[in-house]
Each structure stands twice: as structure tokens, then as C-alpha cells.
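Structure first, then comments.
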Amino acid sequence: MDFLGSFIDTVFRPLKDYFTRTYGYIMSSADYLDALVDEMSELKSKRDDVQRMVDAAERQGMEATSQVTWWLQRVSSLEQSADALVEDFQERMELPPDHAPGIKETYLLSKKADETRAEAAALKEKADFHKVADELVQLRFEEMPSAPVLGRDALLEELDACVKDGDVGIVGIYGMAGVGKTALLNKFNNEFLINSPDINVAIYIEVGKDYSLDDLQRIIGDRLGVSWENRTPKERAGVLYRVLIKMNFVLLLDDVWEPLNFRMLGIPVPKHNSKSKIILTTRIEDVCDRMDVRHKLKIECLPWEPTWELFREKVGDHLMSDSPEIRHQAQALATKCGGLPLALITVGRAMASKRTAKEWKHAITVLKIAPWQLLGMEFDVLEPLKKSYDSLPSDKLRLCLLYCSLFPEEFSISKDWIIGYCIGEGFIDDLYTEMDEIYNKGHDLLGDLKIASLLEKGEDDDHIKMHPMVRAMALWIASDFGTKETKWLVRAGVGLKEAPGAEKWSDAERISFMRNNILELYERPNCPLLKTLMLQGNPGLDKICDGFFHFMPSLRVLDLSHTSISELPSGISSLVQLQYLDLYNTNIRSLPRELGSLATLRFLLLSHMPLEMIPSDVICRLTMLQVLYMDLSYGDWKVGASGNGVEFQELENLRRLKALDITIQSPEALEQLSRSYRLAGSTRNILIKTCSSMTKIELPTSNLWKNMTNLKRVWIASCSNLAEVIIDDSKETVGSNALPRAILQARAEPVDEEQPILPTLHDIILQGLHKVKIIYKGGCIQNLSSLFIWYCHGMEELVTVSEEQDAAASGEEQALGAFRVITPFPNLRELYLHGLAKFRRLSSDTCTLHFPSLESLKIVECPNLKKLKLSAGGLNAIQCSREWWNGLEWDDEEVRASYEDLFRPLR
């Protein structure tokens with residue numbers, strides 16, 4: 001019986017349980033849903049407890065274990081299923097009786113609820129975790145693809161020193177496109193950072209122009225092993241910050257175009273003595289400054305030796321060893337790449353299969369005139385450079401950059417020169433009231449182009465240069481990406497003996513044939529779109545045919561400077577849009593009456609030319625004129641009975657004039673200039689010459705100068721009877737024991753500082769004044785930086801102290817025991833003495849001249865000057881002949897030795 005009972009129980013109990021459960025699913029579905037809701041409620045409570053523990057661990061820079069992550073994901077998925085079941089049940093309960101769900105649907109719903117409850121119960125049992133999070137496990141270093149980096153060893157060492165320097169938190173590497181910033185960063189990562197014992201993690205990110213905050217955070221998070229599931233950018237930033245702040249990290253950010261907000265990214269900025277570092281590369285120097293970079297490294301183009309090594313490597317030594325002529329052409333091509341690695345690699349690869357010297361010569365011509373035609377140049381060099389051009393914030397900047405391409409390769413361009421052109425073209429507006437302010441705006445634009453690594457410093461701070469490849473890019477853009485090669489017809493500095501035929505000019509908008517060997521322009525081109533024509537620097541050009549300008553109605557800028565033309569061709573009046581005309585250093589002696597018809601002219605440059613005749617009413621008709629330069633040029637102004645030329649009143653009618661350089665040949669004209677508030681305020685440079693009736697002139701307090709608030713240079717030449725140039729602006733202080741200002745300055749006592757007279761006067765030139773002396777009566781010329789004295793044969797000493805000044809000061813100084821020192825030029829940096837036959841000393845025996853700012857002293861043909869008696873602590877060079885230097889007399893050997901290092905032989 002026991003056996004039979006056991007058999008019946010084994011066979012029939014499962015059937016009984018099945019039918020009972022099936023009946024229950026159908027009849028008690030609400031009970032199963034309630035049980036599911038209760039179980040899920042308990043499970044979610046457990047889930048919330050675990051999540052709080054995980055969040056607390058992540059705030060400590062840890063990461064949830066894989067088991068906990070899986071459990072949380074399963075709970076989340078189960079919660080969605082349970083919610084769907086409950087919602088389905090509620091919808092069924094709301095149906096009318098005739099649409100109530102059938103037995104099968106009710107059965108399936110209850111069964112699903114029961115299974116889900118069972119899964120929830122199982123997950124609840126698994127919620128007792130031994131630990132919920134571990135320390136993060138991340139890849140410490142990644143090796144980056146890298147190429148050989150030539151000529152950068154010193155930069156790599158400097159970068160390594162910066163990373164090891166506790167005072168440097170952020171390092172910025174900047175330079176033009178293609179110069180090797182990325183290659184340098186990759187090499188530094190691969191050779192200096194990998195396996196560094198002090199660094200926990202190094203993360204390399206190529207940022208680019210179109211970066212997003214999410215992308216950067218995800219890259220960093222992936223390297224750190226951080227999970228980003230369901231986190232906002234702000235939450236990610238918090239996690240990243242908490243992780244990174246506990247580490248010694250190096251973040252390598254390549255190709256940054258605009259400042260990054262480290263706070264929003266979640267990157268802690270390294271503090272003092274931190275081993276963590278941020279290293280970024282950019283084309284734009286300003287990006288470094290706006291990200292508080294503590295140390296900037298500029299990557300320059302390669303010098304010659306690594307340039308030639310890189311080029312040879314890409315071309316192949318076999319070509320050059322087989323042909324010395326090809327080697328010579330290869331060196332010329334490599335030079336034209338300007339040391340830019342990207343260009344050297346591209347051009348070298350393009351030439352690797354060229355086997356003849358003629359092919360190489362052709363490549364040089366192409367690179368000079370249309371570089372985009374060389375294989376690979378457009379895509380591999382010009383396109384990357386164009387990104388910098390495209391990123392410029394304004395069309396004015398882009399136009400200024402393109403304009404610089406009109407100059408020859410490697411030409412050091414005067415900033416004022418290019419700014420004047422841009423004003424004439426309309427690129428730089430004249431919203432400002434002062435010409436200096438307009439030019440300052442131009443200097444700011446050029447500065448922005450330097451910051452963007454699109455221009456370079458020229459021969460000094462007043463000049464800029466354009467890299468050959470940047471110039472190639474600009475000409476490519478200006479020619480509509482090579483599709484209109486004569487749109488900007490630029491053949492500057494290429495040795496032309498004749499200008500291209502007139503048919504080449506027809507579609508041109510800008511033409512530059514400057515610095516060539518053109519002798520004559522004999523065709524009359526028809527170029528209705530031409531805006532700029534640059535012919536300067538053709539020294540043999542002496543003839544331009546009549547009617548040459550008849551068909552240039554749009555011309556705005558015309559430069560004929562540094563040519564030999566002796567007259568302007570008829571038809572100049574056809575240039576109805578002309579705004580800028582430069583005739584500097586030509587042989588023109590007479591201006592045509594037609595010139596007065598140029599109603600839109602704003603710049604007229606007539607300096608350094610033998611101009612003798614200007615027809616009446618020409619100047620006064622140029623009513624739009626803002627800049628008129630006429631120094632070393634016409635000076636026969638008629639004032640009353642003095643002078644035989646143009647009435648001075650014509651200048652006074654130029655109501656828009658903002659900048660004037662002028663030559664004066666009579667005291668009456670100088671007086672008239674000084675009384676004209678508008679003209680005096682516009683005067684920048686003045687040349688006073690051949691005024692035989694002038695016997696003395698006073699600086700800086702004379703009434704002649706009170707309105708010349710923008711005067712920069714005074715040049716006095718060939719005034720045969722000028723005997724005294726007087727320095728006197730001394731003021732007495734209150735009290736019976738008052739001392740002159742110069743003595744107070746020498747003794748470092750306070751003086752009442754007022755706005756100096758002639759605040760912008762920087763240069764004085766005294767030339768061919770055979771009787772002149774510089775008489776010191778007190779005070780100083782505050783901002784004078786250069787003093788040139790040439791061929792003043794009667795001058796015996798640089799400064800002669802007046803008898804009354806000497807007597808007034810000496811008594812006080814003897815009473816005070818002071819040493820007699822005067823400072824007439826406190827900011828003088830350059831002193832040049834040339835051809836002074838009787839010159840014996842810099843000052844009298846009773847005093848010493850003090851030059852606190854003097855840097856350079858040049859002495860030529862002053863045979864009687866035997867001693868150097870001056871006080872100039874900042875002097876760093878004395879230029880003179882070796883013979884004269886060896887003949888100097890010194891008070892003692894110690895003094896001679898102190899001066900020896902300053903000697904620089906004349907070139």
C-alpha cells in the first residue's frame with residue numbers, strides 16, 4: 001500500500017499543483033499582481049541602498065564592480081517589466097464587461113506576474129554584496145603613431161623640463177600649420193612619458209575645430225575606465241574631477257582652436273608643485289594666453305641643416321648624387337619651402353620621380369608662380385593652412401592677409417606701408433578721429449595675424465614677413481583656388497625685365513610687379529576691375545606711356561615709388577576712384593594740373609623727390625586728403641612776401657588732413673605752420689632746411705611747438721647761420737633754495753611731473769649746420785629716443801651748458817657737495833655723431849652728461865674726440881672704427897677695460 005500511495009503521489013501531485021496554479025492564475029490574477037508589487041517595492045528599496053553605496057564609492061574615485069553593475073541593470077530592466085504588467089492589468093480592469101479579457105489572456109497575465117515576482121525575489125536575495133566598488137583600472141599610457149622629428153631635440157628637452165618643473169601646470173606649444181606640433185607631442189608621449197614612474201596616466205586627445213564637450217569627456221572617461229551610463233555632462237565632470245584629482249596625470253591636447261573650459265570638462269588645473277600637467281598645441285598663440293598657460297613654446301620652422309636632411313630623405317640621395325645640377329635645384333626648392341616640414345615632405349615626394357634638371361627647374365617656376373599646381377600641394381599643404389585662414393574672425397583680417405601676398409617672398413614689409421594700402425583699399429575704416437588711432441587699428445589687425453601664426457616678425461618690430469607657404473596659400477585663395485590665375489597677377493621680385501602683356505591684365509583685380517627690372521610700360525591695358533597696381537622698386541622704370549591709366553576706372557591704390565619716372569603720364573585724371581598715390585623717391589620735378597582732379601584721393605606721398613613745381617589750386621582741390629607726406633621734397637611755400645611757390649593757405653584748406661610730413665624753407669612758413677592749429681596738430685615730421693635767416697631755435701618750450709602735439713621728428717639741415725639749438729623747459733620750485741629740474745632728477749628728488757611739451761618727439765637730426773651748438777639752459781626733451789648729428793663742422797661738444805645755468809647751479813651744488821650731472825635726454829636710446837671735424841668732448845669739464853636709457857653710441861669721423869666722458873649704465877654698443885677706438889685716451893686702465901666689451905667695428 002505504501003508503494004501504491006507513493007506512486008499515486010508522484011504521478012498525480014504535479015498534475016494537481018498544475019491545475020491548482022492554473023485555476024489560481026485565472027481566478028486570482030489580482031492577488032498575483034499585488035504580490036508582484038509588494039516584492040518589487042522591497043527590491044527597489046534594496047536597489048536604492050546599493051545605489052547610494054555605489055555613488056559614495058564613485059565620489060571617492062572608485063568604480064562599481066561588474067557584479068553590482070549587472071545587478072543594477074537587471075533590477076532596472078525588471079522594474080520596467082513589472083510596471084508594464086501593472087499598467088496592462090489596470091487597463092483590462094477598466095474595460096466594459098462585454099470587452100473583458102478572456103480566460104487565456106487572464107491566465108498569461110497572472111503567470112507573467114508570478115514569474116516576475118519570483119525573479120524579483122531572487123534578485124533581492126543576491127543584494128547582500130561583499131563590496132560594491134573597486135579602485136579604477138585604467139590604461140596608463142598609449143603609444144601614438146609618430147614620425148621622425150628632425151631638429152627638435154632642444155624643444156623636447158625644454159618640454160621635458162617644463163613637465164618636471166613644479167611651477168608649471170599648463171604648457172602651450174604653438175606655431176603655424178605643418179610645423180610639427182603634433183609630431184613633437186607624439187614623440188614626447190612615446191619617449192618621455194611612457195613608463196614614467198611619476199605619472200599615473202597620460203591621456204592624448206586630438207581636439208580639432210569641431211570638438212564637443214561630450215566627446216572630450218568620454219575619451220577621458222574611457223581611458224580612466226569610468227562608466228558613463230545615464231550621466232549628464234555636469235555629473236561626468238564631477239566624476240572626472242574626483243578621479244583625476246587623486247592622480248598624477250598628463251593631459252595632451254592636440255590641435256586646440258579655442259580656449260577649453262577645464263571646469264566644465266572636469267579637469268583639475270594642476271597647482272603649484274603638482275606632478276600633473278596639461279600640454280596643449282595650437283596654431284593660435286592667443287589660445288595659450290586665454291587658458292592661463294604658464295610656459296609657452298613656439299615651434300619655428302626648421303633651420304637649414306634639418307631642412308636639407310628631411311628634403312633629401314623624401315627625394316632620395318641617389319638623384320642628387322647622380323647630378324650636381326639637380327642637387328643645386330633641389331637646394332633651391334628646399335629653400336622655397338621655408339623650413340616647413342609639411343611642405344618639405346610634400347614637395348620632396350612630388351620630386352622623387354623627376355630625373356632631369358629641366359623638370360626640377362620647372363618645379364621651381366611653378367612653386368614661385370602657381371604652387372598649387374605641384375603634385376600634392378593643394379591637398380596636403382594649402383588645405384591645412386587654409387583652416388587658419390578660415391578661422392580668422394573677420395573679413396578685414398582675411399583681406400589684410402591676402403594683401404600681404406602682393407609682396408615678394410621673404411620680403412620684410414613695413415607695417416605702416418601695408419596699413420596705408422589697406423586704408424586706401426577700404427579694408428581698415430577711418431571711424432577714428434586721429435590718424436594714429438587708425439594706424440593703431442591696422443597694427444592691431446596685423447598683430448592678430450601674427451597671433452594666428454599667419455604672419456611673422458620682420459627685420460624689427462615695425463616690419464612683418466609672410467612665410468612662403470602662407471603666401472602660396474593666400475595667392476591660391478585669391479585666384480579662386482587656382483581657377484583664375486590672373487585675378488591676382490603677382491610677379492613680385494622675380495626678375496622681370498618686361499611687364500606681362502596687356503591681355504594678361506584684363507581680368508586682374510590686383511597686380512604687383514614690384515621689385516623687378518622693368519624699364520618701360522608702353523601698352524595701354526584695359527582692366528576695369530583693377531583696384532591695386534604696385535610698380536614700386538623697379539629702379540630703371542623711367543617711362544609710362546600717355547593714356548596708360550585711361551581704362552582703370554576702379555583703381556584705388558597706385559604705387560610708383562622707388563622708380564625713375566620723371567613725370568606722370570597724361571590721363572592720370574581718369575583714376576576717379578584713386579585713394580592712395582605713392583610717388584616717394586621718384587625723379588618727378590613737376591606735378592601735372594590733372595592731379596587736382598583726383599577728388600577721392602586720401603593718401604598722397606611725395607617725400608624724397610626733387611619736386612620743384614606744383615601748379616596753384618592743385619593741393620587745395622584734393623579735399624578728401626588725409627595723409628600728405630612731403631619731407632625731403634617741395635618746401636617753397638609762399639607766406640606773404642616770403643617764398644615763390646604754392647600759397648601756404650592751400651594746405652590750410654585741407655580740412656580732413658590728419659597726417660603731414662612737411663619741408664619748410666623759411667621762418668615765416670614755420671611760423672605760419674605753428675599758428676595753424678589743424679596743420680600743426682597733424683604734423684608728424686618736419687624738415688627745416690636752407691633757412692639762412694634763422695639763427696637760433698628753442699626746444700621744447702618755444703611757441704613754435706605748442707600746437708605740434710603729434711610731432712615725431714625734427715630735421716634741421718643746411719641752415720648756414722643757425723648757431724644755437726636751445727634746450728630749456730626748466731621751472732622753478734617754490735622756496736629760496738629751489739634747484740633746477742635736471743639737478744633734482746640727477747639726485748633722485750621728486751619733481752612736479754606735468755604733461756611734457758612735444759610728448760611724441762622721438763627723433764632730432766642736425767645736419768650741415770656749421771655754426772651750431774646745443775645750449776643747455778635746464779629741463780629736458782622728455783621722450784627723445786634718437787639724436788643724429790651729421791657734418792656740423794663747428795660743433796666742439798655735444799651739450800654746452802649756458803653760463804647763467806652753470807653759475808646758478810654750481811653754487812647750490814657746491815653747498816650740497818653734489819657732483820655736477822645733467823640729463824637733457826632722459827630717454828635717449830641712440831646717439832649718432834658723424835663727420836664732426838672739431839668735436840672734442842661730449843660735455844664741458846664742469847659737468848657730466850647722464851644718459852640713463854642710452855643703448856647705442858655710433859661715432860664716425862670725429863678725429864678730435866679723444867675721451868668718452870658720459871654716464872650711461874645701459875650702454876651695450878659703441879660703433880666706431882678700430883683705429884679711432886685704439887687712439888682713445890682713458891683716465892685709468894680700469895675705465896678702459898669696462899668699455900672694451902662695448903666696442904663694435906663699423907661695417
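The values are calculated or read from the model by the stated rules, or taken from the named source; none is laboratory data. The structure presented is a predicted model; accordingly, all values stated were derived computationally and were not measured. Here the Cβ is made from the backbone with ideal geometry for all residues, glycine too, and neighbour counts use every protein chain on show.
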Counting only residues in the range 284-337 that are assigned to a loop (DSSP other than H, G, I, E, B) and aliphatic (A, V, I, L, M), the one farthest from residue 173 (Cα to Cα) is identified as 302
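Taking the residues in the range 361-397 that are of a type in the set (S, T, N, Q) and either in a helix (DSSP H, G or I) or modelled with pLDDT under 90 (or both) as candidates, determine which candidate is surrounded by the fewest Cβ atoms within 10 Å (Cβ to Cβ).
Result: 365.
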Per the filter on the range 847-874, residues part of a loop (DSSP other than H, G, I, E, B) and under 33 Å from the mean Cα position of the chain (by Cα) are 852, 853, 854, 855, 874
Near pairs, Cβ below 8 angstrom, 6+ apart or cross-chain, from the range 635-658 (under 18 Å from residue 690 (Cα atoms)) to any residue that is of a type in the set (Asp, Glu) and assigned to a loop (DSSP other than H, G, I, E, B): 636/612; 643/636; 644/636; 645/636; 646/636
Tell me, which residue of the range 168-198 that is in a loop (DSSP other than H, G, I, E, B) and modelled with pLDDT under 90 is farthest from residue 282 (Cα to Cα)? 197
Assess whether residue 234 counts as being outside any loop (DSSP other than H, G, I, E, B) and under 25 Å from residue 56 (Cα atoms). yes
May I ask you to list the residues in the range 790-805 that are surrounded by fewer than 18 Cβ atoms within 10 Å (Cβ to Cβ) and either modelled with pLDDT under 85 or touching a helix residue (DSSP H, G or I) at 6+ places or on another chain (Cβ under 7 Å) (or both)? 802, 803, 804
Where residues in the range 689-703 are within 19 Å of residue 661 (Cβ to Cβ) and buried (at least 19 other Cβ atoms within 10 Å of the Cβ), which of them is farthest from the chain's Cα centre (by Cα)? 691
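For (1) at pLDDT below 75; (2) surrounded by 12 or more Cβ atoms within 10 Å (Cβ to Cβ); (3) farther than 30 Å from residue 194 by Cα, each residue gets a yes or a no:
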| residue | (1), (2), (3) |
| --- | --- |
| 42 | no, yes, yes |
| 62 | yes, yes, no |
| 74 | no, yes, yes |
| 81 | no, yes, yes |
| 85 | no, yes, yes |
| 103 | yes, no, yes |
| 121 | no, yes, yes |
| 136 | yes, yes, no |
| 139 | yes, yes, no |
For residue 323, work out the one condition from (1) under 25 Å from residue 483 (Cα atoms); (2) at pLDDT below 90 it doesn't fulfil. (1)
Determine, yes or no, whether residue 283 is at pLDDT 95 or above and of a type in the set (Lys, Arg). yes
Of all residues in the range 683-731, how many are touching a residue at least 40 places away in the same chain (Cβ under 8 Å), in a strand (DSSP E or B) and not aliphatic (A, V, I, L, M)? 7
Looking at residue 883, is it out of contact with any strand residue (DSSP E or B) (no Cβ under 8 Å at 6 or more places or on another chain), over 21 Å from residue 714 (Cβ atoms) and modelled with pLDDT of 90 or more? yes
Could you tell me how many of the residues in the range 201-212 are surrounded by fewer than 17 Cβ atoms within 10 Å (Cβ to Cβ) and touching a Ser or Thr at 6+ places or on another chain (Cβ under 9 Å)? 2
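So, in the range 641-682, exactly how many residues are of a type in the set (S, T, N, Q), assigned to a strand (DSSP E or B) and either over 38 Å from the mean Cα position of the chain (by Cα) or not assigned by TED's automatic domain parsing to the domain that holds residue 620 (or both)?
Counting residues in the range 641-682 that are of a type in the set (S, T, N, Q), assigned to a strand (DSSP E or B) and either over 38 Å from the mean Cα position of the chain (by Cα) or not assigned by TED's automatic domain parsing to the domain that holds residue 620 (or both) gives 1.
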Unique residue being in the same structural domain as residue 514 (by TED's automatic domain parsing) and touching a Gly at 6+ places or on another chain (Cβ under 9 Å) when the list is 590, 564: 564
Given the criteria modelled with pLDDT of 90 or more and surrounded by fewer than 19 Cβ atoms within 10 Å (Cβ to Cβ), does residue 905 qualify? yes
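Using the structure shown, decide if residue 163 is in contact with a His (Cβ under 6 Å, 6 or more places away or on another chain) and surrounded by 18 or more Cβ atoms within 10 Å (Cβ to Cβ). Give the steps one after another, and end with the answer.
Working: in contact with a His (Cβ under 6 Å, 6 or more places away or on another chain): no; surrounded by 18 or more Cβ atoms within 10 Å (Cβ to Cβ): yes.
No.
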Here are the criteria: (1) surrounded by fewer than 21 Cβ atoms within 10 Å (Cβ to Cβ); (2) under 20 Å from residue 400 (Cα atoms); (3) in contact (Cβ under 8 Å) with a residue 60 or more places away in the chain. Tell me which single one residue 490 does not satisfy. (1)
Being within 30 Å of residue 465 (Cβ to Cβ) and touching a residue at least 24 places away in the same chain (Cβ under 8 Å) narrows it down to one of 302, 224, so name that one. 302
Which numbered condition residue 153 misses (of (1) acidic (Asp, Glu); (2) more than 28 Å from residue 467 (Cα to Cα); (3) free of Cβ contacts under 8 Å to residues at least 12 places away in the same chain): (2)
Can you tell me which residues in the range 665-685 are surrounded by 23 or more Cβ atoms within 10 Å (Cβ to Cβ) and aliphatic (A, V, I, L, M)? 669, 673
Could you tell me whether any residue of the range 320-328 is charged (D, E, K, R) and out of contact with any helix residue (DSSP H, G or I) (no Cβ under 9 Å at 6 or more places or on another chain)? yes
Which condition number in (1) of a type outside the set (S, T, N, Q); (2) part of a helix (DSSP H, G or I); (3) closer than 26 Å to residue 438 by Cα is the one that residue 619 fails? (2)
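Please go through the range 541-593 and pick out each residue that is in a loop (DSSP other than H, G, I, E, B) and either without any contact (Cβ under 8 Å) to a residue 24 or more places away in the chain or in contact with a Phe, Trp or Tyr (Cβ under 6 Å, 6 or more places away or on another chain) (or both).
Residues satisfying the conditions are 545, 561, 569, 571, 575, 578, 588.
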Restricting the range 398-443 to residues that are of a type in the set (Asp, Glu) and part of a helix (DSSP H, G or I), the one surrounded by the most Cβ atoms within 10 Å (Cβ to Cβ) turns out to be 425
At pLDDT 80 or above, within 23 Å of residue 47 (Cβ to Cβ) and of a type in the set (A, V, I, L, M, F, W, C): is that true of residue 161 in this structure? no
